[in-house]
Amino acid sequence: MISSLSLCNKIALIMKKYILIFTTCALGVLNFTSCDKKDNPSPESNVANPELILDSSNHAIVSDTICGHLENNVLKLSNGDTLKMFITIKGEYALSQYKIAAHENFDCHAHGEMKKMDDDLNAWSLNIIENIPGDVTTFSLKAVHVIPDSATKGQYHYSINAVDKDGREAEELEFNVVVE
């Protein structure tokens, strides 16, 4: 009888030990999950990305079929034309840079899938990255670009983007430019 009682005591002690470990773990998990960002947001979690607002363009933005798809962001230009766009860049934090890029879309590629271009073509391209001076949260951008007389006629991608000093990126303004 004595040996079975001591065996029961040993089992009870082991069970108490496991219950204590389980309870400690459960409380730790409960405490960890209760610090949800929804309940206690950090000051930066509610900050919106910068915004690009197209104020005006000297060429009409129209709908047209590009690479077999109807697009509503098409600019039709000719060699020698000047494209002027006025864009307001707004952010909750100080703005850092803007980028303007243009490249050919002769093969109807998706972004990130450009193929090597034929050396005989003279594609119009831009890759402009400029710092935004000061610690401003609003910046007026006047983008002026001349389509070279020698640029190959065809379809191009033209985009504008911006980033704030904390690295938050605006949603890109994208256009399909058709040089006719």
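Only a single criterion out of (1) of a type in the set (A, V, I, L, M, F, W, C); (2) within 22 Å of Leu95 (Cα to Cα); (3) without any contact (Cβ under 8 Å) to a residue 40 or more places away in the chain is not satisfied by Val163, namely (3). Of the numbered criteria (1) of a type in the set (A, V, I, L, M); (2) modelled with pLDDT under 95; (3) surrounded by 10 or more Cβ atoms within 10 Å (Cβ to Cβ), the one Leu30 fails is (3). Applying the criterion of being of a type outside the set (Asp, Glu) and more than 28 Å from Gly68 (Cα to Cα) to the residues of the range 149-169, the residue that is surrounded by the most Cβ atoms within 10 Å (Cβ to Cβ) is Ala162.
To keep it simple, each residue is scored yes or no on (1) basic (Lys, Arg); (2) modelled with pLDDT of 95 or more; (3) closer than 17 Å to Ala101 by Cα.
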position: Asp120; (1), (2), (3): no, no, no
position: Leu126; (1), (2), (3): no, yes, yes
position: Ile129; (1), (2), (3): no, yes, yes
position: Val136; (1), (2), (3): no, yes, no
position: Leu141; (1), (2), (3): no, yes, yes
position: Asp149; (1), (2), (3): no, yes, no
position: Lys165; (1), (2), (3): yes, yes, no
position: Leu173; (1), (2), (3): no, yes, yes
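The values are calculated or read from the model by the stated rules, or taken from the named source; none is laboratory data. Remember, it's a predicted structure, so these values are computed and weren't measured experimentally. Please note: Cβ atoms are built from the backbone with ideal geometry, for glycine as well, and neighbour counts cover all protein chains shown.
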